[in-house]
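Each reported figure results from applying straightforward, stated rules to the coordinates on display, with no laboratory input. Values in this document were obtained by computation on a predicted structure and should not be read as measured data. All Cβ positions, glycine included, derive from the backbone under ideal geometry; neighbour counts span all protein chains shown.
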Amino acid sequence: MNKNKNFFLAAIIPHYRHEKTLLFVVEKLQEHNLTVFVVDDCSGNTADEVLEQCRVKGVKVIQRNINGGKGAAMKDGIRAAAAENFTNVLQIDADAQHNFDDIAQMIAIARQNPDDLVCANPIYSEDAPRARIVGRKITNFWNLINSCSREIKDGMCGFRIYPLSITMKIIEKYQIGNRMDFDNEILLHFYWNKVKFHWIDSQVKYPADGISHFALFRDNWIISKMHAGLFFISLRQKLGFYERVK
């Protein structure tokens, strides 16, 4: 665990059928002395062995009985970390596509700014799936419209450090999506609640044998519906009717 008077950091890995890479991600996080929560989103029996190996390594494993999506898994992890009095949580995907070399920099920024949000701004290479590229373009357009700002550089990258106190208030007060919409939707609520953002550029890799659970049509449809709904919330915010957390 990373701990000082005002900074007590854990890591959350939302997991769904990434048995080949999960342990590697856990080990990379533990190099930073982080307490790790793995939230398994009902992967099934194929994940039993790797989850047991995680437990042997001291990982706190939460197993969902129903597949609810990445957002649902993150909410469970956030609540569990808050219950153990962590002040901040690092979110990272289980597929090992994020740049682990950036973790130290993100932690350093969060340690100096424990009430702020630290986000990776993904740098995609040519091997990035078309679904991701299309989804990112849709998301960036709507974030610009809904925030009237370029403050949100990327809404889809799940590589961040959250300040837990206000994060808990946000997920309890607002209806944040439970699937791929979670990553972007929660950012807008942070923005509307005047939370400061810190961004670092971070390379994202997509190995040829990698597994992605992002579905081109389903998830881009979910994201498009999310942004349409957020548009009306943004109008309320501009008119002064958006109620911030306290």
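Could you give the radius of gyration (one decimal) and Dmax (whole number) of the Cα atoms in region 1-79, in Å?
Spelled out, the Cα radius of gyration and Dmax of region 1-79 are 12.4, 41 Å.
Cross-link candidates for LYS205: which lysines have Cα within less than 21 Å, leaving aside residues fewer than 8 places away along the same chain?
Leaving aside lysines fewer than 8 places away in the same chain, those within reach of LYS205 are LYS20, LYS28, LYS70, LYS137, LYS153.
Report, in debye and to the nearest 20, how large the dipole of region 2-238 comes out about its Cα centre when Lys and Arg carry +1 and Asp and Glu carry -1 on their Cβ.
900
Using 0.36 nm times the number of residues separating PHE232 and ASP127, minus their current alpha carbon distance, what extension gain do you get?
Answer, rounded to one decimal: 34.3 nm.
Run lengths n ≥ 4 of DSSP H only: what is the helix-derived mean residue ellipticity at 222 nm for the chain, with -39500 (n - 2.57) per run over all residues, to the nearest 500?
-14000 deg cm²/dmol
Filter the GluC sites (Glu not before Pro) in region 18-86 to those in DSSP coil with at most 13 other Cβ atoms within 10 Å of their Cβ, and list the result.
Answer in residue order: GLU31, GLU84.
When you count, for each residue, the other Cβ atoms within 10 Å and take the mean per peptide, how do 183-191, 121-129 rank with the highest first?
183-191, 121-129
Fully extended, how many nm does the chain gain between LYS246 and TYR206 (0.36 nm per residue separation, minus their Cα-Cα distance)? List each step's numbers first, then the result.
Details: separation 40, 0.36 × 40 = 14.40 nm, distance 4.00 nm.
Full extension from LYS246 to TYR206 adds 10.4 nm.
Over the C-alpha atoms of the chain, what are the Rg and the largest Cα-to-Cα span, Dmax, in Å?
17.0, 53
Using the Kyte-Doolittle scale, find the helices of the chain whose mean hydropathy is at least 0.0 and whose Cα atoms extend 24 Å or more along the helix's long axis, counting only whole DSSP H runs.
Helices passing the filter in the chain: 216-238.
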